[in-house]
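In what follows, a single structure is set out as structure tokens and then discussed.
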Amino acid sequence: MAWILFISYEISLAAAISKKFGHILDYVLHYALYIATFYYHSYYVLNVTKVRKERRWLNLLLKLTSEIILFFICGALIGIYLDIELIEQKWNFQNNFIIGNIYRCIYILCGSTAYWCVLHLKRKEMRINRMRSALLISSMEKEKLKLALVKSTINPHMLFNTLNFLYNEVRKVDRPVAEHIMSLSELMRYSLSDNSNEEKVKLNDEINYIEHYINLHKKRIPSYISLSKEGIMDDLPLRVIPLILVTMTENILQHGNLENPDRPAYINISYRSGCLRIHTENMVRQGASSGHRMGVANLKKRLKYAYPDSFNYIIENDGMTYKSFLNIHLN
């Protein structure tokens, strides 16, 4: 399309200036030479990556010189052929052949070099994206290995039996504390569950985890935070990549001001028409560290890897209120 537009523009402009159109054979032969030179220069002459670094400039100079000579030879042959066929043409040996072809050669080589630069940048960008994807996958594999090592040092059955024993004993004298022990047991059960080989976990398991997480946090530090669900049924078979809700909840608990009952923090989770929506809002705790940025950055990378072009994650922070909006089209 670009060549069609370019050739049409040039032919129309030349016809407007000279008040007539040239012969079709003149156009075909010359533009075939220009197009061939364009791609020859871009894909062969400038392709010196396979040559040793210290010889690249010499190789490029030799190729460029040969290309220019070949261009003039082909132009001369076309001119001779058109003269033999008695076809009037713009450039021939009697009509500024050298000047016209020098102009044309420089014009085409500059355009071809620009085209090569665009291709080179695109290839470089693709290589960088592939490297980033490989690094992200490698990082995720390392995290799985670390989790597996932690699991190997813990006997889950002994841990859960001990927590259940404590729960039954404490419940006799202090039921609220016993409930918190049960919450701790559920947190440990989810963290040590055998899902390290799974790319996605049940959404309800993740919600159940943060519910216990928030309850334990409220027991440790008086906090005003609420969790609401819309369209999330217990039997809804939705699966998401792990730690989405955990990361967003940790940001609130670690960096939010949760002491004002008139401005409580909240987490809203809804599911409608195949779209999972998570909305959080909290007051910003003054003097809070910015360490959460790493967690948010990692979450964005994981979302981009797991849901390319299927999610939208927006963060608004005016220094007083922190809001996050995450939409994932699970279908």
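Remarks
- Total residues in the stretch 2-34, condition aromatic (Phe, Trp, Tyr), over 39 Å from the mean Cα position of the chain (by Cα) and in a helix (DSSP H, G or I): 2
Let's see how each residue does on (1) modelled with pLDDT under 90; (2) of a type outside the set (A, V, I, L, M, F, W, C); (3) under 27 Å from the mean Cα position of the chain (by Cα):
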{"residue": "ASN260", "(1), (2), (3)": "yes, yes, no"}
{"residue": "ASN282", "(1), (2), (3)": "no, yes, no"}
{"residue": "VAL296", "(1), (2), (3)": "yes, no, yes"}
{"residue": "THR321", "(1), (2), (3)": "no, yes, no"}
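- Residues that are assigned to a loop (DSSP other than H, G, I, E, B), at pLDDT 85 or above and either surrounded by fewer than 18 Cβ atoms within 10 Å (Cβ to Cβ) or in contact with an Asp or Glu (Cβ under 8 Å, 6 or more places away or on another chain) (or both), drawn from the stretch 239-258: ILE241
- For the condition surrounded by 18 or more Cβ atoms within 10 Å (Cβ to Cβ), out of contact with any Lys or Arg (no Cβ under 6 Å at 6 or more places or on another chain), farther than 19 Å from TYR313 by Cα and assigned by TED's automatic domain parsing to the domain that holds ASN312, LEU236 does not qualify.
- Selection within the stretch 215-229 - within 32 Å of the chain's Cα centre (by Cα) and not hydroxyl-bearing (Ser, Thr, Tyr): LEU227, LYS229
The values are calculated or read from the model by the stated rules, or taken from the named source; none is laboratory data. All of these numbers come straight from a predicted model, not from anything done at the bench. In this analysis, Cβ positions are derived from the backbone assuming ideal geometry, glycine residues included, and neighbour counts consider all displayed protein chains.
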